Every structure is written in structure tokens, then in C-alpha cells.
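The values are calculated or read from the model by the stated rules, or taken from the named source; none is laboratory data. Since the model is a prediction, treat every value here as computed from it, not as a measurement. With ideal geometry, Cβ positions are generated from the backbone for all residues, glycine too; neighbour counts draw on all protein chains shown.
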Amino acid sequence: MFKNKVVKGKISKERIRKRIRGKISGTSDRPRVYVFKSNKYIYLQAFDDETGQVVAAASTFEKEFRDKNKNTRNIDASKSLGEIMAKRLKQKKKTDIIFDRGIYPYHGCVKALAESMRKGGLNF
């Protein structure tokens, strides 16, 4: 039994992450787009799990994003980040992806991110 709640939370999140990753993986045709949210920023990476390569990446920390948007961690920021990622993946000719929400529930920022990626022309 863990007495420290922080350690217990980390173990719980790692268990959820491993369960989801056991079910999905990206290929060269359909890269896996992973979402990570920190307290300030949102990060996206598209992985080819067969080769271990990062196909594309975008975050609210980038100068390109911060020039256009004031806030870095709200629903509007998620929508514009999804559009940026969709544009970058379409430049690499990747229109089919696998969306990996990680440990985050599919609502709020994650849902807005996914919907804006779909509007940008990605299929998942």
C-alpha cells in the first residue's frame, strides 16, 4: 500500500498509459499522434512505432503558435494546434492517423484538438 498520494497517482497514470499503448500502435502509413498536456502547454507528436521515428510534432510552446495565440492551454489553443498539426501531417502526405489521447479523457481540450484535426483533413 502506498502512503504517498503522488506516487499512487503516477503509478495509476502509468498503468492507464500502458493499457492504451498495448491496444494501439502507429505504422508508416498511419502514424500514432500522441497528446501530452503539461500545466502550461500542449504537445503533439506523430510517431511511426515500427521504426521509432517522429514523423511530425507541434506544440503550444512554439514561436509560430505563440505569435498567433495569447493563451497556450485552453480550447481555442487546442483548436489552432490541431490545425497546425493537420497541416504538417498533410505536407508529409499522411492523412490517416491513429489518435492516442494518452491518460487524458476525451473531452475539453483533447476533444477540441481531435475535432480540429479532423476538420484539417485527417482521418481517424
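Whether any residue in the range 49-69 is surrounded by 14 or more Cβ atoms within 10 Å (Cβ to Cβ), modelled with pLDDT of 90 or more, hydrophobic (A, V, I, L, M, F, W, C) and part of a helix (DSSP H, G or I) is what I want to check. Yes, some residue in the range 49-69 is surrounded by 14 or more Cβ atoms within 10 Å (Cβ to Cβ), modelled with pLDDT of 90 or more, hydrophobic (A, V, I, L, M, F, W, C) and part of a helix (DSSP H, G or I).
Among the residues that make up the range 25-35, is at least one of them surrounded by 15 or more Cβ atoms within 10 Å (Cβ to Cβ), without any contact (Cβ under 8 Å) to a residue 60 or more places away in the chain and within 22 Å of Ser78 (Cα to Cα)? No, that holds for no residue.
The single condition from (1) under 13 Å from the mean Cα position of the chain (by Cα); (2) farther than 13 Å from Ser116 by Cβ that Arg66 fails is (1).
So, in the range 84-124, exactly how many residues are in contact with a Gly (Cβ under 9 Å, 6 or more places away or on another chain), among the charged types (D, E, K, R) and in contact (Cβ under 8 Å) with a residue 40 or more places away in the chain? Of the residues in the range 84-124, 1 are in contact with a Gly (Cβ under 9 Å, 6 or more places away or on another chain), among the charged types (D, E, K, R) and in contact (Cβ under 8 Å) with a residue 40 or more places away in the chain.
Scanning the range 89-99 for residues that are in a helix (DSSP H, G or I) and surrounded by fewer than 17 Cβ atoms within 10 Å (Cβ to Cβ) gives Lys90, Gln91. Looking at (1) free of Cβ contacts under 8 Å to residues at least 12 places away in the same chain; (2) within 16 Å of the chain's Cα centre (by Cα), which is the one condition that is false for Gly9? Single failed check for Gly9: (2).
Checked against (1) modelled with pLDDT of 95 or more; (2) among the aliphatic types (A, V, I, L, M); (3) loosely packed, with under 12 Cβ neighbours inside 10 Å, Met1 passes all but a single condition, namely (1).
For the range 35-48, taking the residues that are charged (D, E, K, R) and in a strand (DSSP E or B), the one that is farthest from the chain's Cα centre (by Cα) is identified as Asp48.
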